[in-house]
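The values are calculated or read from the model by the stated rules, or taken from the named source; none is laboratory data. All values derive from a computational prediction rather than experimental measurement. Backbone-built Cβ (ideal geometry, glycine too); neighbour counts: all protein chains shown.
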Amino acid sequence: MKIAENLKQLKKEIPEKVSLVAVSKTKSAESIQEAYNAGQRDFGENKVQEMVQKWEALPRDIQWHMIGHVQRNKVKYMAPFVHLIHGVDTQKLLLEIEKQAAKNDRVINCLLQVHIAEERSKFGFEPNEVAAVLKQNQSLSHVNIIGLMGMATFTDDKEQIKREFQQLKSLFDELFASKPNPVLSMGMSGDYPLAIATGSNMIRVGSLIFGARNY
Ligand SMILES: *Cc1c(COP(=O)(O)O)cnc(C)c1O
């Protein structure tokens, strides 16, 4: 594997102010360790159980990002250690995170997932719901909503992807401009240059670093 090389190449291409989450779902602890040895500390997983197993096996200074859809009954397993939950898409999930974070005496950083893609199957709040969700949850003391996450439509149409990213960026600017260090998580292996050009400050890249996934 050329994991260290891939990481180095990618780091060269992205501005310093853009954080890189290395998406390690389905990849082995050995592969993650290889990326870790090359200096990478932020890793993304989309299944809670898999993330817990890797957290137990790997160095403690790794920052674990939950980037997938989260079932409420799984929140308790990651509450002791998760660094950032990207895919918060319901009010009920927010309240469960609040509860489990409180039990662990932590404040858990979260991003609201916003539905920007054309496809109906993707998760997330509708753009016009987000302001109300933020307002409704201002008083939560163990959840900190620090930004937004979104995924563009899976298409070759760059103009469409750009439009969708721009929509998320303007919503982000409107709602988070006055907050300290807000996070806009958008961009994956196929579209991260476009995402960064549109204002993303956190990209989630898997296959470009670790190679294609076999499910
Ligand atoms: C798998 C996944 C990624 C990474 O995808 P690649 O195309 O391998 O870079 C990013 N974000 C989410 C939410 C994912 O599920």
- Query: For the range 165-180, what are the residues that are within 17 Å of the chain's Cα centre (by Cα) and farther than 16 Å from Leu111 by Cα?
  - Reply: none
- Would you kindly identify the strands (runs of 3 or more DSSP E) lying entirely within the range 116-215 that contain at least 1 residues that are within 26 Å of Asn37 (Cα to Cα) and within 14 Å of the ligand (Cβ to nearest atom)? 183-185, 202-205
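May I ask you to list the residues in the range 1-44 that are closer than 27 Å to Ala197 by Cβ, crowded, with 20+ Cβ neighbours inside 10 Å and not aromatic (Phe, Trp, Tyr)?
The initial filter retains those residues of the range 1-44 that are closer than 27 Å to Ala197 by Cβ, namely 2-25, 35, 38-44.
Subset that is crowded, with 20+ Cβ neighbours inside 10 Å: 3, 7, 20-24, 35, 40, 43-44.
Hits for the range 1-44 are Ile3, Leu7, Leu20, Val21, Ala22, Val23, Ser24, Ala35, Gln40, Gly44.
Which is of a type in the set (S, T, N, Q) and within 25 Å of Phe125 (Cα to Cα), of Gln91, Gln53? Can you show your working first?
Details: Gln53 fails: within 25 Å of Phe125 (Cα to Cα).
Sole residue among the options that is of a type in the set (S, T, N, Q) and within 25 Å of Phe125 (Cα to Cα): Gln91.
Please enumerate the residues belonging to the range 164-215 that are of a type in the set (Ser, Thr, Tyr), crowded, with 19+ Cβ neighbours inside 10 Å and more than 26 Å from Ala131 (Cβ to Cβ). It would help to see each step written out before you state the result.
Here is the first cut: in the range 164-215, the ones of a type in the set (Ser, Thr, Tyr) are 170, 178, 185, 189, 192, 198, 200, 207, 215.
If we keep only those that are crowded, with 19+ Cβ neighbours inside 10 Å too, we end up with 185, 192, 198, 200.
If the condition is that a residue be of a type in the set (Ser, Thr, Tyr), crowded, with 19+ Cβ neighbours inside 10 Å and more than 26 Å from Ala131 (Cβ to Cβ), then Tyr192 is the only one that fits.
Suppose the filter is crowded, with 18+ Cβ neighbours inside 10 Å and free of Cβ contacts under 8 Å to residues at least 40 places away in the same chain; does Ile145 pass it?
Values: crowded, with 18+ Cβ neighbours inside 10 Å: yes; free of Cβ contacts under 8 Å to residues at least 40 places away in the same chain: no.
It is false that Ile145 is crowded, with 18+ Cβ neighbours inside 10 Å and free of Cβ contacts under 8 Å to residues at least 40 places away in the same chain.
Considering the range 120-160 alone, what residues qualify as being of a type in the set (Phe, Trp, Tyr) and modelled with pLDDT of 95 or more?
Restricting attention to the range 120-160, the residues satisfying the condition of being of a type in the set (Phe, Trp, Tyr) are 123, 125, 154.
The answer is Phe125, and nothing else.
Within the group Val183, Val133, Val143, Val114, which residue is under 15 Å from the mean Cα position of the chain (by Cα) and more than 21 Å from Lys17 (Cα to Cα)? Can you show your working first?
Numbers: Val183 fails: more than 21 Å from Lys17 (Cα to Cα); Val133 fails: under 15 Å from the mean Cα position of the chain (by Cα); Val143 fails: under 15 Å from the mean Cα position of the chain (by Cα).
Within the list Val183, Val133, Val143, Val114, the selection yields Val114.
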- Message: Here's a check for you: in the range 104-142, which residue that is within 16 Å of Leu171 (Cα to Cα) and β-branched (Val, Ile, Thr) is surrounded by the fewest Cβ atoms within 10 Å (Cβ to Cβ)?
- Response: Val133
